[in-house]
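Please read the structure below before turning to the comments.
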């Protein structure tokens, strides 16, 4: 089981890195809108987590004679999720601290303009203060790393539960 967890966790982490670099290049070349970038970011988070499904299925079909309980699937999926979660947290933290230190400020500019359009001046001032505090917090590497762990880990838990439910299969009973 350890080999399967490490293999599929490593696949997911490597895929995470490849997608991250590709998206970074695509955004640099085509400069899509903020909304498109947000959707692409979610794709970057979710696609590698598909390896959880494949890892649980591989365990069920090749190791456990075609059967798996929900708890077994959950355990394997949660262990697989650790590698891509930590990998993405490292990748993203390095990116926002060293490669593009103005990343959060650039996102905030868009958010501020959106809030300026929809909020009354008093509420906008409060929101602007919150956004500035958030930007300062996100410059802290530990805060950023923990935020990414929680984000990707939460998504991984959801994908794991769905995979465990979809792949749950009782062992065939032999009639004597």
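The numbers here are math on the coordinates, done by the rules we state, and not lab data. Nothing here was measured: the structure is a model prediction, and the numbers come from that model. Methodologically, a virtual Cβ is constructed for each residue, glycine included, from the backbone with ideal geometry; neighbour enumeration extends over all protein chains shown.
Brief remarks follow.
- Nearest-ten-degree value, helix 2-30 long axis tilted from longest Cα axis of the chain: 30 degrees
- Between 0 and 90 degrees, the angle of helix 103-118 with respect to the longest Cα principal axis of the chain falls at about 70 degrees.
- Potential lengthening of the chain between residue 117 and residue 47 amounts to 21.8 nm, from the contour at 0.36 nm per residue minus the alpha-carbon distance.
- Gaussian network model of the chain, springs between alpha carbon atoms under 10 Å - residue of 136, 123, 105 with greatest fluctuation: 123
- Contact order relative to length of the chain, as percent, for alpha carbon pairs under 8 angstrom and 6 or more apart: 36 percent
- Summary value for region 30-113: 28 percent relative contact order, contacts being C-alpha pairs under 8 angstrom separated by 6+ residues.
- Entry for volume of the Cα convex hull per residue in Å³ (calculated from the structure that is shown) out of [x] 123; [y] 110; [z] 134: [z]
- Helix 121-138 axis versus longest C-alpha principal axis of the chain: approximately 60°, rounded to the nearest ten.
- Highest average first, the peptides 138-147, 161-170, 49-58 ordered by how many other beta carbon atoms sit within 10 Å of their residues are 49-58, 161-170, 138-147.
- Once the Cα-Cα distance is subtracted from the 0.36 nm per residue extended length, the residue 142 to residue 17 segment shows a gain of 43.0 nm.
- Relative contact order of region 72-157, defined on C-alpha pairs under 8 angstrom at six or more residues apart (%): 52 percent
- Considering only 12, 89, 108, the mean-square fluctuation computed in a Gaussian network model of the chain, springs between alpha carbons under 10 angstrom, is largest for 108.
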